[in-house]
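Peer 1: Can you read through this structure? Questions will come right after.
The values are calculated or read from the model by the stated rules, or taken from the named source; none is laboratory data. Only a predicted model underlies this, so the values are computations on that prediction, with no experimental measurement involved. Cβ coordinates were reconstructed from backbone atoms using ideal geometry, including for glycine residues, and neighbour counts include every protein chain displayed.
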């Protein structure tokens with residue numbers, strides 16, 4: 001038994017080592033390229049030319065990020081533009097080595113992130129669902145009330161709270177065999193679990209070469225944009241997301257139950273437009289996975305508006321990126337069926353949003369004793 005638990009822990013640890021660095025360190029390749037350029041060229045005669053090249057490359061990256069969702073081949077085109085600018089400047093100013101290195105990193109990012117989509121990989125999914133099951137890392141990581149998910153159709157699963165690593169969303173949702181089997185009614189092979197699309201912030205999915213590969217191979221992790229949400233809802237697909245988003249992560253404080261949904265009415269509006277059910281899922285233990293910096297709240301919430309996850313985190317003492325091994329229990333609430341309204345009024349959206357917030361509070365209150373936290377209080381921001 002102990003050997004089995006240890007092997008599960010090693011598998012879960014490996015899963016975290018696959019997902020966490022590619023997620024948390026998403027922007028570092030580009031930042032490193034910029035740092036190399038600045039260190040090598042600032043203060044030198046070619047410094048002015050080098051910085052112009054850098055600005056041009058960043059402009060190409062920004063163009064790729066904005067255009068790729070709607071313009072075919074925007075990623076490779078912008079990458080080619082960045083390389084062309086670099087080659088011209090390098091030939092004129094003799095700054096080939098460093099600037100070319102920076103440009104290569106950015107061009108690679110633009111091409112992979114916005115130029116290609118890798119096919120779904122059943123092998124990769126099986127590894128994350130079995131051998132590298134994230135739940136094995138924690139002393140207890142369970143989905144409770146899975147029967148409420150049974151054969152769900154046209155449902156919007158809303159996970160709370162976001163936390164830092166999103167243990168509930170990732171471990172008991174996206175990479176949980178139990179979740180997918182309950183929703184789809186199929187057991188066994190991950191390739192039969194096509195019912196639910198998991199949506200994450202566009203900046204996380206499309207600004208990291210490595211994490212983009214993970215999302216592509218999963219076959220079910222997409223960007224939480226208006227276009228994607230509307231398209232998937234028109235198809236009638238189940239959707240899972242974290243409505244609190246980066247704000248949830250920003251207000252995170254160790255040991256406190258917090259979720260930022262008091263003004264998040266957008267998902268309710270989508271649900272009304274397409275006649276979806278909304279179903280809350282709350283994870284106890286998420287609040288004990290990391291210590292975070294809690295100061296400068298206004299400034300960090302302001303950064304959230306630009307798609308920046310303004311979180312400074314600390315998990316295990318020797319490996320700060322790894323979460324503390326807390327007991328994480330995700331409780332599934334009752335679904336709320338919303339009427340289909342092509343153009344819902346603000347009053348209707350507000351009324352149904354209030355009902356959803358009340359449902360989250362009710363789920364929290366009815367589950368906290370079973371989760372071993374009878375005195376816990378939920379802060380709704």
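Peer 1: Would you check if there is a residue in the stretch 263-276 being over 28 Å from residue 234 (Cα atoms), in the same structural domain as residue 227 (by TED's automatic domain parsing), surrounded by fewer than 19 Cβ atoms within 10 Å (Cβ to Cβ) and at pLDDT 90 or above?
Peer 2: Scanning the stretch 263-276, I find no residue that is over 28 Å from residue 234 (Cα atoms), in the same structural domain as residue 227 (by TED's automatic domain parsing), surrounded by fewer than 19 Cβ atoms within 10 Å (Cβ to Cβ) and at pLDDT 90 or above, so the answer is no.
Peer 1: Scan the stretch 265-288 for residues that are farther than 18 Å from residue 198 by Cα and in contact (Cβ under 8 Å) with a residue 40 or more places away in the chain and report the count.
Peer 2: Counting residues in the stretch 265-288 that are farther than 18 Å from residue 198 by Cα and in contact (Cβ under 8 Å) with a residue 40 or more places away in the chain gives 9.
Peer 1: Do the conditions hold for residue 214, that is, is it modelled with pLDDT of 90 or more and part of a helix (DSSP H, G or I)?
Peer 2: Criteria not met by residue 214.
The rows are residues; the columns are (1) within 23 Å of residue 366 (Cβ to Cβ); (2) touching a helix residue (DSSP H, G or I) at 6+ places or on another chain (Cβ under 6 Å).
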site	(1), (2)
242	yes, yes
247	no, yes
253	no, no
259	yes, yes
264	yes, no
286	yes, yes
301	no, yes
318	no, no
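Peer 1: Conditions: (1) within 29 Å of residue 178 (Cα to Cα); (2) part of a helix (DSSP H, G or I); (3) over 26 Å from the mean Cα position of the chain (by Cα). Residue 376 meets all but one. Number of the miss?
Peer 2: Residue 376 satisfies every listed condition except (2).
Peer 1: Against the condition outside any loop (DSSP other than H, G, I, E, B), in contact with a strand residue (DSSP E or B) (Cβ under 8 Å, 6 or more places away or on another chain) and closer than 24 Å to residue 334 by Cβ, how does residue 261 come out, does it pass?
Peer 2: The answer is no for residue 261.
Peer 1: With the structure loaded, tell me whether residue 344 is farther than 25 Å from residue 144 by Cβ and in contact with a helix residue (DSSP H, G or I) (Cβ under 9 Å, 6 or more places away or on another chain) or whether it fails that test.
Peer 2: Yes; evaluated as a whole, the condition is true for this residue.
Peer 1: Against the condition without any contact (Cβ under 8 Å) to a residue 40 or more places away in the chain and within 19 Å of the chain's Cα centre (by Cα), how does residue 252 come out, does it pass?
Peer 2: no
Peer 1: Considering 231, 294, 227, which residue is surrounded by fewer than 19 Cβ atoms within 10 Å (Cβ to Cβ), assigned to a loop (DSSP other than H, G, I, E, B) and in the same structural domain as residue 360 (by TED's automatic domain parsing)?
Peer 2: Unique residue meeting the criteria: 294.
Peer 1: Confirm whether residue 191 is at pLDDT below 95, out of contact with any strand residue (DSSP E or B) (no Cβ under 7 Å at 6 or more places or on another chain) and part of a helix (DSSP H, G or I).
Peer 2: Yes; evaluated as a whole, the condition is true for this residue.
Peer 1: Out of all the residues in the stretch 266-291, which are in a strand (DSSP E or B) and farther than 24 Å from residue 149 by Cα?
Peer 2: Answer for the stretch 266-291, where residues must be in a strand (DSSP E or B) and farther than 24 Å from residue 149 by Cα: just 291.
Peer 1: With the checklist (1) in contact with a strand residue (DSSP E or B) (Cβ under 7 Å, 6 or more places away or on another chain); (2) surrounded by 19 or more Cβ atoms within 10 Å (Cβ to Cβ); (3) under 24 Å from residue 20 (Cα atoms) in hand, flag the one item residue 175 doesn't pass.
Peer 2: Every condition holds for residue 175 apart from (1).
Peer 1: How many residues, within the stretch 120-146, are in contact (Cβ under 8 Å) with a residue 40 or more places away in the chain and in a helix (DSSP H, G or I)?
Peer 2: Count: 13.
Peer 1: For residues in the stretch 297-329 being in a loop (DSSP other than H, G, I, E, B) and modelled with pLDDT of 90 or more, which is surrounded by the fewest Cβ atoms within 10 Å (Cβ to Cβ)?
Peer 2: 316
Peer 1: So which residues in the stretch 347-365 are out of contact with any strand residue (DSSP E or B) (no Cβ under 7 Å at 6 or more places or on another chain) and without any contact (Cβ under 8 Å) to a residue 24 or more places away in the chain, if there are any at all?
Peer 2: Of everything in the stretch 347-365, those that are out of contact with any strand residue (DSSP E or B) (no Cβ under 7 Å at 6 or more places or on another chain) and without any contact (Cβ under 8 Å) to a residue 24 or more places away in the chain turn out to be 347, 351, 354, 358, 365.
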